[in-house]
There are 2 protein chains.
Amino acid sequence: MDKKELTKYSNAEQCPVRNVVDRIGDKWSLLVLLLLEEGEVMRFMEIQKAIETISQKMLTVTLKALEADGLVERTVYPQIPPKVEYKLTERGKSLLPHLHGLVTWAVENMNNIRESRKQFAS
Amino acid sequence: MDKKELTKYSNAEQCPVRNVVDRIGDKWSLLVLLLLEEGEVMRFMEIQKAIETISQKMLTVTLKALEADGLVERTVYPQIPPKVEYKLTERGKSLLPHLHGLVTWAVENMNNIRESRKQFAS
DNA sequence: TCTTTGAGTCACCAAAAGTAACTAAAGAAC
DNA sequence: GTTCTTTAGTTACTTTTGGTGACTCAAAGA
């Protein structure tokens, strides 16, 4: 993408960058995707217990969005109490290597970034 | 990062994933970083004109955050009207390849994702 | 009959993002 | 010598997003 293309995209819903970042960049999606990669198939409650600080509502919203984008597949077993399983789709799996790149960078640079923030605050 | 580590990080400000995603995942940071990579050195107004839909306030906030994290360097020329230049630091540059991975995936998958969303809505 | 269970939804409150109008001070235009 | 323009912001206000706790449904177990 050159500069013109970037500019062209910057204001539109057409922008691929914005489309992905809006989805990945929310508070929970990335964490859920990384978790599903480990867990392969997980139930709603399993995911919630793993993430701990996520509320039921936000997990519902997050999973629905990931499903809508075809990154996660939802399987309902018609039982009571309900049983719903989630797993990555092929598309979801294809995204993960790129996320790992970010995560690796994050882990490597986190301490320096924290230092910078401290200095900047003073 | 294995599952336990992920879980451990999930609730804390210590979480490197969250730390990076919180910064990169906001509405504008990624776009500004990609733009600065192209432009090398840019003034405040140049960036705003390039992104078009960003407000002055949000650009100020975004640049300040990127500066605080040591991803972008700010140079003020004591003139009136003011002149302030922004450019990537080495740390900022080191992040960009990982962002390109994401952007490439986004461009490749955008159409399919849009299709999925349409189907899901119905 | 009463409680527990899993996967949600609903009404409400807090935080973040967005908007429009404002500021400062110099130089140019009239 | 008053007015206009320019740049990089800030401020007050509104809207959108995120988060919380209580609630639901229907079956199984005590």
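A few remarks follow.
- Total residues in region B:1-57, condition of a type in the set (A, V, I, L, M, F, W, C), at pLDDT 80 or above and in a loop (DSSP other than H, G, I, E, B): 2
- Failed item in (1) facing chain A (nearest Cβ under 7 Å); (2) in a helix (DSSP H, G or I); (3) under 20 Å from B:Gly25 (Cβ atoms), with B:Ser116 passing the rest: (3)
- Failed item, numbered, when B:Val103 is tested on (1) farther than 28 Å from A:Ser122 by Cβ; (2) open to solvent by 20 Å² or more (accessible area, probe 1.4 Å): (2)
- Residue in region B:50-68 that is open to solvent by less than 50 Å² (accessible area, probe 1.4 Å), more than 7 Å from every other protein chain (Cβ to nearest Cβ) and within 9 Å of DNA strand D (Cβ to nearest atom) present: yes
- Any hit, region A:109-122, residues being over 30 Å from B:Arg117 (Cβ atoms) and among the aromatic types (Phe, Trp, Tyr): yes
- Residue that is farthest from the chain's Cα centre (by Cα) [pool: residues in region A:71-86 that are more than 25 Å from B:Val20 (Cβ to Cβ) and either away from DNA strand D (no atom under 13 Å from the Cβ) or in a strand (DSSP E or B) (or both)]: A:Tyr77
- Complete set of residues in region B:17-66 that are under 10 Å from the mean Cα position of the chain (by Cα) and polar (S, T, N, Q): B:Ser29, B:Thr62
- Here A:Arg91 passes the criteria (1) away from DNA strand C (no atom under 14 Å from the Cβ); (2) more than 21 Å from B:Met110 (Cα to Cα) except the one numbered (2).
- Applying the set (1) more than 23 Å from B:Leu36 (Cα to Cα); (2) loosely packed, with under 11 Cβ neighbours inside 10 Å to B:Ile113 leaves exactly one unmet item: (2).
- For the residues B:Leu88, B:Leu95, B:Leu31, B:Leu71, the requirement of being more than 10 Å from chain A (Cβ to nearest Cβ), buried (at least 18 other Cβ atoms within 10 Å of the Cβ) and within 22 Å of A:Gly101 (Cα to Cα) singles out B:Leu88.
- The single condition among (1) touching a Ser or Thr at 6+ places or on another chain (Cβ under 8 Å); (2) within 12 Å of DNA strand C (Cβ to nearest atom); (3) open to solvent by 50 Å² or more (accessible area, probe 1.4 Å) that B:Ile80 does not satisfy is (1).
The values are calculated or read from the model by the stated rules, or taken from the named source; none is laboratory data. Bear in mind the structure is a predicted one, so any value in this text is a computation, not a measurement. So basically every Cβ, Gly included, is an ideal-geometry build from the backbone, and we count neighbours across all protein chains shown. All accessible areas refer to the heavy atoms of the entire protein, side chains included, with ligands and DNA or RNA removed. Shrake-Rupley method; radii C 1.70, N 1.55, O 1.52, S 1.80 Å.
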